[in-house]
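The values are calculated or read from the model by the stated rules, or taken from the named source; none is laboratory data. A quick note: this is a predicted structure, and the numbers were derived from the prediction, not measured. Quick reminder, even Gly has a Cβ in these numbers, built from the backbone with ideal geometry, and neighbours come from all protein chains shown. Calculation scope for accessible area: heavy atoms of the full protein, side chains included, ligands and nucleic acids excluded. Shrake-Rupley method; radii C 1.70, N 1.55, O 1.52, S 1.80 Å.
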Amino acid sequence: MTTVAREGADLACAVSGREGGPLAVHVHGAMSSRAGERRHGLFVWEPVEEVARLVRYDARGHGESTGRAVPGDYVFTNLADDLLAVIDHVDAGPVTGMGASMGTATVLHAALKRPEAFERLVLIIPPTAWETRKAMAAHYLEAAEALESRGPKGFAELMAGEEPPAIFAQGPAFPLPDVSWDLLPSVMRGLAASDLPAPAELSALTHPALILAWDTDDGHPLSTAEALAGLLPAATLHVSDTVAGIRTWSARIAAFLTARS
């Protein structure tokens, strides 16, 4: 493991996979981490590591990365700068940018800032955006306020009232946040202040893009994935409606990474 130093954070970063293979850099979702993904078991990276050199890092304030209680540190545009710093740290040419949820937003903002840094994009469970973002932002602020006023107990009470997406009725339960309690309100306030890039900007991203979405999840609505598929000129959308379908995503990503443009 290596560390990428950033203002206000040290990013824990690890490289695995096939030496000499195409390089892919993955950003996890909000409140998750590299270890959180492993514990959850939904995203399995071995098929990707068989064909590619895979860089994974913990976003600032998540997992083994450090952070500070500054909401502006966790807005999507700042997280995009962190991703670009990781790419520079591994001294890579154009990479495949991969991200889940918050990671999707991170990749899109980074690709707009420096399109030449990316060869392909893998956008996994794109989050609420534009019209659907307002309700989710309000939810993040409510959770931050519950934690600040009533501590972890208040946060747990708020989360206990939420039903999991129907697709996970028979699937793995989502783990607890992999963010410390003192940083979690700032992370949530940063998320509340963020959105995907404006639709008019996204048509400039001509990179081949694979969009992987699941159904019945208000936090990751199909409307975002379908809109991205229509806005990005070279995008392919795959939607899964079962956990078994989601478990095929690693193989789909591996095939996408090795396909000719």
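A few remarks follow.
- Once you divide the Cα radius of gyration of the range 141-217 by 2.2 N^0.38 Å, the number left is 1.45.
- For a modelled paramagnetic label at A244, 7 Å from Cα along Cα-to-Cβ, the residues of the range 170-210 in reach, with backbone nitrogen under 19 Å, are 170-173.
- Short-range pairs are left out: with C-alpha atoms under 8 Å and at least six residues apart, the relative contact order of the chain is 23 percent.
- Accessible area per residue in Å² at 1.4 Å probe, computed on the range 53-113: 27
- For the chain: Kirkwood Rh in Å [reciprocal of mean 1/r, alpha carbons]: 18.3
- Column: log10 I(q)/I(0), Debye, Cα scatterers of the range 1-104, q = 0.17 Å⁻¹: -0.73
- Computed extension length for L222-A69: 51.9 nm, one decimal, from 0.36 nm per residue of separation with the Cα-Cα distance subtracted.
- Percent of alpha-carbon pairs separated by more than 21 Å within the range 63-132: 25
- Given +1 at the Cβ of Lys and Arg, -1 at the Cβ of Asp and Glu and no other charges, the dipole of the range 1-91 around its Cα centre is 240 debye to the nearest 20.
- Simple spin-label estimate for E7 and R39 in nanometres, 7 Å along Cα-Cβ: 3.2
- Share, in percent, of DSSP beta bridges within the chain that are antiparallel, nearest 5: 30
- Fully extending the segment from T236 to E50 would add 64.7 nm, taking 0.36 nm per residue of separation and subtracting the current Cα-Cα distance.
- Gain in span if fully extended, D81 to A200, counting 0.36 nm per residue against the direct Cα distance: 40.7 nm
- Working note: Karplus 6.51/-1.76/1.60 with θ = phi - 60° gives the range 77-88 the couplings 5, 6, 5, 5, 5, 4, 4, 5, 5, 5, 4, 5 Hz, where Gly and Pro are set to x.
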